[in-house]
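The values are calculated or read from the model by the stated rules, or taken from the named source; none is laboratory data. Keep in mind that what you see is a predicted model, and the values were worked out from it rather than measured. Reconstructed Cβ throughout: ideal geometry from the backbone, glycine too, with neighbour counts over all protein chains shown. Ligands, DNA and RNA are excluded from the accessible area calculation, which covers all protein heavy atoms including side chains. Shrake-Rupley method; radii C 1.70, N 1.55, O 1.52, S 1.80 Å.
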2 protein chains.
Amino acid sequence: MRVRGAPLIGVAAAYGVSLALRADPSDASLGAALVTLGATRPTAVNLRWALERMAGVLRPAAPADRAGRAYAEAAAMAEEDVDVCRRLGEHGERLLQGAWEAAGGDRPLNVLTHCNAGWLATVDWGTALAPVYRAHEAGMPVHVWVDETRPRNQGLLTAWELAQHGVPHTVVVDNAGGLLMRRGQVDLCLVGTDRTTRAGEVANKIGTYLKALAARDNRVPFYVAAPSSSIDWTLADGAAIPIEERDRAELGYDPAVPAINPAFDVTPASLVTALVTERGVCEASEAGLRRLFPEE
Amino acid sequence: MRVRGAPLIGVAAAYGVSLALRADPSDASLGAALVTLGATRPTAVNLRWALERMAGVLRPAAPADRAGRAYAEAAAMAEEDVDVCRRLGEHGERLLQGAWEAAGGDRPLNVLTHCNAGWLATVDWGTALAPVYRAHEAGMPVHVWVDETRPRNQGLLTAWELAQHGVPHTVVVDNAGGLLMRRGQVDLCLVGTDRTTRAGEVANKIGTYLKALAARDNRVPFYVAAPSSSIDWTLADGAAIPIEERDRAELGYDPAVPAINPAFDVTPASLVTALVTERGVCEASEAGLRRLFPEE
């Protein structure tokens, strides 16, 4: 958890491979780095994606060239992540603009987000927050409801990020989103994803599914910012995504209290209004995703 | 918050009236006690119910008799609360027994609850937990998933109560219930209520509505333990229930972080499988409630 946020986890792992090969560029060292880094987090698929990309470049390379090529590839991934988030932000900004105009354009657009999917979770911009930053910079009034996101309170990271940009926001406990939506105080939800199946099911920080249910019940659009590095083309069924079970010490309870601490949940595609990717916005379905990514 | 739990708030307010009249039994003192105590909490209707009952007994009484009659009435309400919870527990126990047998009877019944509706929230037994205690004492294996219930973590009170009785339980963050239900790890939900409209809408601790949505999405029964003192016969529409907005200091954030702290939400009757009252189990509807309480 020194590094968190699915896109940042992927890029950091790529740099990790580069560091391992600087110390020892052998096949054994490469293999060990891929296995060790790959085992650090089970849910975010960006980690596997980044390591497979590194392996594809480095396995055929001569050991003497590997450290240099690994660093170059990791640096390229970092640059690409910035570009992906920037483009995702452009597509998402159009969604926000449309929602704001549809709501009359005479008051701030209220966006609810869960966890942190901003620049603290990526190389820059963020995923779910990139559209918010772009809209704010373009002069659109936007206010963000920030779920506190127990147990690690990543919502406070989101609040801190938003404060740096001067974006109005209000933090609430994770229990509050349903009330806000019933009161008509949320125009749309926008969250990130740690793994999106090719059928559009979304594993994201635990509690995301509950907000998606409330959004549907209140006819609030529920968007997921899904860079292609988060898409797992090998999976359709979200129930097959491994859910990280984290240390109960994170909960802060007396050790005598029985407790468990699962870190993610899966939101079915039927609750997702649309996915926002770096290539545009699509339906949360295999057909929608393949239209944007026909090469996969 | 020295006194919490809707039924206990009602009984404590009745004793409060008794104390005020011991100091000064005049009409003015009675009126001031009713107004002051009535303004302490807006959402739980048990408070209004208890104060109206005290007013009905005490207004016609001679001032010299008031202190004695007030104490006797408060003591009667305390006794009745124990009896109401005990009977509610009997009706609820039959629901749990039926669910357990329907699930095969070969593993513990998994009950999810939110907040604390046990004997810490009533005079004794509790409302939502009364059926659990009775089932456990009758030898039925039951395991309770306890929502931590941010921001005040009343779930830890529930865990403590359950531990005193030896009832197996596991605390989870409020975000986790959806995942548990999707995994099939919850057989039924059972929560309390601070105010139930005559149409069966339920104001309870914030986050209850999100669990009710997840229950419906996963075909998990969602029961509300609703003693008649929690029923507001004057209201049909839950949107008219005042939602207490509590001090943001409860959230524990840096004061610079913008935040709000609403304490309750409203679950529509359509998400409530049934209400459990001291007179039996009924549909969450005006017809269902009037069948059990025809005198209202």
Considering every residue within region A:222-237, establish whether at least one is closer than 29 Å to B:Val257 by Cα and more than 18 Å from the chain's Cα centre (by Cα).
-> no
Residue count, region A:242-279, condition more than 11 Å from every other protein chain (Cβ to nearest Cβ) and either open to solvent by less than 10 Å² (accessible area, probe 1.4 Å) or under 28 Å from A:Glu90 (Cβ atoms) (or both), comes to 9
Which one of the conditions (1) under 16 Å from A:Val191 (Cβ atoms); (2) open to solvent by less than 10 Å² (accessible area, probe 1.4 Å); (3) away from chain B (no Cβ under 13 Å) does A:Leu289 fail to meet, given that it meets all the rest?
-> (1)
Would you say B:Gly177 is modelled with pLDDT of 95 or more, open to solvent by less than 10 Å² (accessible area, probe 1.4 Å) and over 14 Å from the mean Cα position of the chain (by Cα)?
-> yes
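Residue by residue, here is whether (1) closer than 20 Å to B:Trp100 by Cβ; (2) surrounded by 24 or more Cβ atoms within 10 Å (Cβ to Cβ); (3) modelled with pLDDT of 95 or more; (4) more than 8 Å from chain A (Cβ to nearest Cβ) holds:
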position	(1), (2), (3), (4)
B:Val173	no, yes, yes, no
B:Arg182	no, no, yes, no
B:Gln185	yes, no, yes, yes
B:Cys189	yes, yes, yes, yes
B:Gly192	no, yes, yes, yes
B:Thr197	no, yes, yes, yes
B:Ala203	no, yes, yes, yes
B:Ile206	no, yes, yes, no
B:Ala212	no, yes, yes, yes
For region A:135-145, enumerate the residues that are in a loop (DSSP other than H, G, I, E, B) and either buried (at least 24 other Cβ atoms within 10 Å of the Cβ) or touching a strand residue (DSSP E or B) at 6+ places or on another chain (Cβ under 9 Å) (or both).
-> A:Met140, A:Pro141
Over region A:149-171, the set of residues in contact with a helix residue (DSSP H, G or I) (Cβ under 7 Å, 6 or more places away or on another chain) and facing chain B (nearest Cβ under 7 Å) is A:Arg150, A:Pro151, A:His169, A:Val171
Which number in (1) closer than 27 Å to B:Ser229 by Cβ; (2) in contact with a strand residue (DSSP E or B) (Cβ under 8 Å, 6 or more places away or on another chain); (3) more than 10 Å from every other protein chain (Cβ to nearest Cβ) marks the one condition that B:Thr122 misses?
-> (2)
Those residues of region A:146-171 that are surrounded by fewer than 23 Cβ atoms within 10 Å (Cβ to Cβ) and among the hydroxyl-bearing types (Ser, Thr, Tyr) come to a total of 1
Condition test on A:Val132, is it at pLDDT 95 or above, part of a helix (DSSP H, G or I) and of a type in the set (A, V, I, L, M)?
-> yes
If you check B:Thr149 against the conditions, is it β-branched (Val, Ile, Thr), farther than 21 Å from B:Ala274 by Cα, without any contact (Cβ under 8 Å) to a residue 60 or more places away in the chain and in contact with a Gly (Cβ under 8 Å, 6 or more places away or on another chain)?
-> yes
Any chance B:Gly105 is surrounded by fewer than 21 Cβ atoms within 10 Å (Cβ to Cβ), free of Cβ contacts under 8 Å to residues at least 24 places away in the same chain and assigned to a loop (DSSP other than H, G, I, E, B) | yes
